[in-house]
Each structure stands twice: as structure tokens, then as C-alpha cells.
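Below is one structure, written out as C-alpha cells, with a few remarks after it.
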Amino acid sequence: MNRPAMLLCAVAAAAFFGGGFLLRRDVRERNLEVLPVDMVVSPAAETGGVGVAFPDGLVQRRPPAGTVPVDAPADDFGPGPDEARRAGEVLVNPSPVTPATVSRGERVFRAWCACCHGAGARGDGAVTKRGFPPPPTLFRPEARALRDGEFFHLVTHGRKDMPAHAGQVAVDDRWAVIRYVRALQERVP
């Protein structure tokens, strides 16, 4: 490469990098806004507030008819023994009594229940070895006498030291666990 061409390349590179250095913007500053302000910085709508997006002026929309919110309880029962009795009278286990359902119930029981209740449902799970109060065995007469709806309520809402499992265990899996525990109760006198 000849000398004038090298000099021209050096000047072009210096102008390019020097111009870039001189023209660089402060990253703490906002960008140049060329769109209308409402498109760049949209006003925040407040839940339960009034807005202009819909003809009725409501910001928070009503859910479509027949839908169930993802965080809604699977039943309309509150916590407590009275509600558990009511659940026992109203709720019926929809899970079929099949080997597949019992097998699914066993898998869910081992994943979510065995840590406290033990693999054999005798109240001797791993957490009881570390100071957590042991739950009662699921073979005692009171546990056997629970109706499936009461059992479902207990798993859903919890009782005493047992926390609610509605957020961790799906509705169908709770019913399958009940089928599995009933199968265990039939095997153990």
C-alpha cells in the first residue's frame, strides 16, 4: 500500500473512532423520543380505576362467563372443622377406582405426603426425625372414618400442623392420593 493511501486510511480511522468518541451519548440520559409521548411512555392504569380504553370506563375487566381463575380454590369451602364436615357431605371422589389412579396417587403421595406421613403412611416421615411433630398415622380409626370429601378438604386447606396443599397438588392428584390411602387402609388391618 502506498504512503498516501495509508495516510488516508489512518485519517479515516481516526475520524471514525474519534467522531464516535466525541458523539457518544451519556447512557444515563433518556433516548431521543420521536414517537408521540403516549406511545413511548404509556400512562399506567390502576387496578379498579377508571380508564378510556373501554366504553364502560373500567380498567379491570370481568372474567368471561364460565371461567375459573387460576388462583381460585378448587372448592367453595373455607377452612375449619365445620367446613370439613360440610365438604364430607357434599364432595364425592370423582377419580375412578383403577390401578392407574391408585398408582398415580402413590406417586403423588411419595412426592408430597411421605416426607411427613412416611412412605407407609404411619406418621414417621423424614421431617419427624428432625424435630417436626409427627402426624397421626393414616390407619387410626379417625382417619379411616373420614369421608373422601373431608379428606379432600384436609389436604386442600390443611389442619393443625399440616399446611394446605392446594397450591402444590392439583385437584385430580388430591383425589388420586385419597384413592391410594384408601387402598393402603384396606391392606392394613
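The values are calculated or read from the model by the stated rules, or taken from the named source; none is laboratory data. Just so you know, these numbers come straight off a predicted model, no measurement behind them. Note that we place each Cβ from the backbone using ideal geometry, even for glycine, and neighbour counts take in every protein chain shown.
Can you tell me which of ALA100, ALA65, ALA53, ALA74 is of a type in the set (A, V, I, L, M), modelled with pLDDT of 95 or more and surrounded by fewer than 17 Cβ atoms within 10 Å (Cβ to Cβ)? Outline the logic, then answer.
On the way: ALA65 fails: modelled with pLDDT of 95 or more; ALA53 fails: modelled with pLDDT of 95 or more; ALA74 fails: modelled with pLDDT of 95 or more.
Being of a type in the set (A, V, I, L, M), modelled with pLDDT of 95 or more and surrounded by fewer than 17 Cβ atoms within 10 Å (Cβ to Cβ) holds for just one of ALA100, ALA65, ALA53, ALA74, which is ALA100.
Could you tell me whether any residue of the stretch 119-128 is within 19 Å of VAL169 (Cβ to Cβ) and touching a residue at least 40 places away in the same chain (Cβ under 8 Å)?
Yes; the residues of the stretch 119-128 include at least one that is within 19 Å of VAL169 (Cβ to Cβ) and touching a residue at least 40 places away in the same chain (Cβ under 8 Å).
Look at PHE139 and say whether it is more than 19 Å from VAL171 (Cβ to Cβ) and not small (Gly, Ala, Ser). Break it down into steps so the answer makes sense when it comes.
Details: more than 19 Å from VAL171 (Cβ to Cβ): yes; not small (Gly, Ala, Ser): yes.
For PHE139, the condition - more than 19 Å from VAL171 (Cβ to Cβ) and not small (Gly, Ala, Ser) - is met.
Can you tell me which residue in the stretch 138-159 is farthest from the chain's Cα centre (by Cα), limited to those that are among the aromatic types (Phe, Trp, Tyr) and within 15 Å of PHE77 (Cα to Cα)? Before the answer, list the steps.
Here is the first cut: in the stretch 138-159, the residues among the aromatic types (Phe, Trp, Tyr) are 139, 151-152.
When the remaining residues are screened for being within 15 Å of PHE77 (Cα to Cα), the result is 151-152.
Numbers: PHE151: 22, PHE152: 19 Å.
Here the answer is PHE151.
Against the definition (surrounded by 14 or more Cβ atoms within 10 Å (Cβ to Cβ) and of a type in the set (Gly, Ala, Ser)), how does ALA164 come out, yes or no?
Values: surrounded by 14 or more Cβ atoms within 10 Å (Cβ to Cβ): yes; of a type in the set (Gly, Ala, Ser): yes.
It is true that ALA164 is surrounded by 14 or more Cβ atoms within 10 Å (Cβ to Cβ) and of a type in the set (Gly, Ala, Ser).
Collect the residues in the stretch 167-177 that are surrounded by fewer than 22 Cβ atoms within 10 Å (Cβ to Cβ) and part of a helix (DSSP H, G or I), keeping them in residue-number order.
Kept after step one, since they are surrounded by fewer than 22 Cβ atoms within 10 Å (Cβ to Cβ), are these residues of the stretch 167-177: 167-173.
Passing the criteria: VAL171, ASP172, ASP173.
Select from the stretch 152-179 the residues that are of a type in the set (A, V, I, L, M) and touching a Lys or Arg at 6+ places or on another chain (Cβ under 7 Å) and list them in ascending order.
Residues of the stretch 152-179 that are of a type in the set (A, V, I, L, M), as a first pass: 154-155, 162, 164, 166, 169-171, 176-178.
Of everything in the stretch 152-179, those that are of a type in the set (A, V, I, L, M) and touching a Lys or Arg at 6+ places or on another chain (Cβ under 7 Å) turn out to be VAL155, ALA176.
For the stretch 6-32, which positions are modelled with pLDDT under 70 and surrounded by 10 or more Cβ atoms within 10 Å (Cβ to Cβ)?
Those that are modelled with pLDDT under 70 and surrounded by 10 or more Cβ atoms within 10 Å (Cβ to Cβ): GLY18, GLY19.
Residues that are assigned to a loop (DSSP other than H, G, I, E, B) and either surrounded by fewer than 13 Cβ atoms within 10 Å (Cβ to Cβ) or not small (Gly, Ala, Ser) (or both): does the stretch 142-149 have at least one?
Step one: list which residues in the stretch 142-149 are assigned to a loop (DSSP other than H, G, I, E, B), which gives 146-147.
If we keep only those that are either surrounded by fewer than 13 Cβ atoms within 10 Å (Cβ to Cβ) or not small (Gly, Ala, Ser) (or both) too, we end up with 146-147.
For the stretch 142-149, residues assigned to a loop (DSSP other than H, G, I, E, B) and either surrounded by fewer than 13 Cβ atoms within 10 Å (Cβ to Cβ) or not small (Gly, Ala, Ser) (or both): present.
I'd like the residue in the stretch 95-119 that is hydrophobic (A, V, I, L, M, F, W, C) and not in a helix (DSSP H, G or I) and, out of all such residues, is farthest from the chain's Cα centre (by Cα). Let's see the steps before the verdict.
Let us first name the residues in the stretch 95-119 that are hydrophobic (A, V, I, L, M, F, W, C), namely 97, 100, 102, 108-109, 111-116, 119.
Still in the list and also not in a helix (DSSP H, G or I): 97, 119.
Numbers: VAL97: 28, ALA119: 25 Å.
My answer is VAL97.
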